[in-house]
Each structure stands twice: as structure tokens, then as C-alpha cells.
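This report concerns only the one structure given below.
The values are calculated or read from the model by the stated rules, or taken from the named source; none is laboratory data. What you see is a predicted model, and the numbers here were worked out from it, not measured in a lab. Neighbour counts run over all protein chains shown; Cβ positions are idealised from the backbone, glycine included.
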Amino acid sequence: MKTLVLAVIFAAACGETTLFDPMERQPKFKPFSANAFYDDGRAMRVPPAGTVPRERLTDRPEIAQGKDRDGHDVTVIPIPVTSELMSLGRKKFDIHCAACHGLLGDGVSPVAAKMSLRPPPSLLLLHNDSVGHFFEVISQGYGLMPSYAAELDAQDRWAVVLYLRALRRSQAVALAEVPADIQKQLREEPR
């Protein structure tokens, strides 16, 4: 009998805690339902003229999606490459990517050290992937990595891809190939 009473009390506790669920019972219009308030009789409103969805800010798929018109990954960054874009890429990489992938993109970071089952890869070893592939991974996410499309617009994502390319190339350049003023700066920089 004691067990039955406890079971009934437990079952009652798992049910609704209030008589009415305020979110479910509030006055509202469901999408695609009729609504006499508006002249067109619809509850769902038409977006204002000129509204553009975030993912369609351009009609060029190579910029917005990293794909050409046939759906293949682009192999060349489709926006003008400038030193400002490189600086933007470094800034965005340091903010959004370096925590897991490391400041050098080598996958060595405090966060990566805690990810024993599947650490982030070294971005320096992914030589055969196209720029379109990197853009898509940043946009859609991959494995444990989430999408960064909400945090980075298309230009920011291309800037990060440009910076990744520079990081990869910087790891394979001999110091003698670097301009003299930068060689001096690199020699003086603390390690």
C-alpha cells in the first residue's frame, strides 16, 4: 500500500504543475491560418519589400556558398584579396577558431588538449582541400565543429579561408624566402 501511494504521488508530480500552460494557451495566430484582422485574410505577414534572406545577399553562389554554378567547390577565393581582408581573417580566426585549432591552425590548444576522443585536426595538413570546402565547413560545420554562419558573414568566412591559406603557406616557407624587413621582425620576436 505504501508503494502504491508513493507511485501515485510520483506520477502526480510528473504531470503539469499549473492548471494552465500559459505559453500553449495564450492568444496567438498559427502560421498559414486565417486571420480576419488583416485585409488579405492571412495571419503570416509578407516580408517588407527589399527584404533579403541572410544567405542570399548575393546571387553569386561562389561567394555565398563556396560553390560554382555547377555545385563544385571553388578553387580560388571569389572576392578581392587585400591586406585588409587578411587582417580581418586573422582577427576572426583568433576569435572563433584558435580556441580549438590553435593560433597556428595546428590543432594544438588548451581546448584541443581536453578533446581526447576526437581532437580538432591540424589545418596545416589538409593540403588537398579547396577553398570552397573550407568555406563550406565554416558555414555548415563538420563533425563536432558547429556552423559559424551566424557569427561570420560571407566576407568574414572568406577572410578566414584566406588567413588559413596564409597560415599553411607560412609553415612551409624558408626564412631566406621572407622579405628582409619581416625576417628582422621574426628574428626579434619572442618565441
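Find the residue count for the range 95-132, including only residues that are of a type outside the set (A, V, I, L, M) and closer than 15 Å to Arg168 by Cα.
The number of residues fulfilling the criteria is 12.
Of the residues that make up the range 12-30, is at least one in a helix (DSSP H, G or I), over 23 Å from the mean Cα position of the chain (by Cα), among the polar types (S, T, N, Q) and at pLDDT below 85?
no
Name the pairs whose Cβ atoms lie under 8 Å apart, with the first residue in the range 149-160 and within 11 Å of Ile77 (Cα to Cα) and at pLDDT 95 or above, the second of a type in the set (Ser, Thr, Tyr) and in a loop (DSSP other than H, G, I, E, B), and 6 or more positions between them or separate chains? Listed by first residue and then by second, the contacts come to Arg157/Tyr148. When the residues of the range 95-140 are filtered to those that are closer than 27 Å to Pro78 by Cβ and small (Gly, Ala, Ser), the one that is nearest to the chain's Cα centre (by Cα) is Ser139. When the criteria are applied in full, Leu152 fails the requirement of being part of a loop (DSSP other than H, G, I, E, B), under 22 Å from Lys67 (Cβ atoms) and over 18 Å from the mean Cα position of the chain (by Cα). Tell me which residues, restricted to the range 161-178, are under 32 Å from the mean Cα position of the chain (by Cα) and exposed (fewer than 12 other Cβ atoms within 10 Å of the Cβ). Residues satisfying the conditions are Arg169, Ala172, Val173.
Of Asp181, Asp129, which residue is among the acidic types (Asp, Glu), surrounded by 12 or more Cβ atoms within 10 Å (Cβ to Cβ) and out of contact with any Pro (no Cβ under 7 Å at 6 or more places or on another chain)? Exactly one of Asp181, Asp129 is among the acidic types (Asp, Glu), surrounded by 12 or more Cβ atoms within 10 Å (Cβ to Cβ) and out of contact with any Pro (no Cβ under 7 Å at 6 or more places or on another chain), namely Asp129. Inspect all residues belonging to the range 112-125 and state whether any of them is more than 25 Å from Asp68 (Cα to Cα) and not in a loop (DSSP other than H, G, I, E, B). The answer is yes, given that some residue of the range 112-125 is more than 25 Å from Asp68 (Cα to Cα) and not in a loop (DSSP other than H, G, I, E, B).
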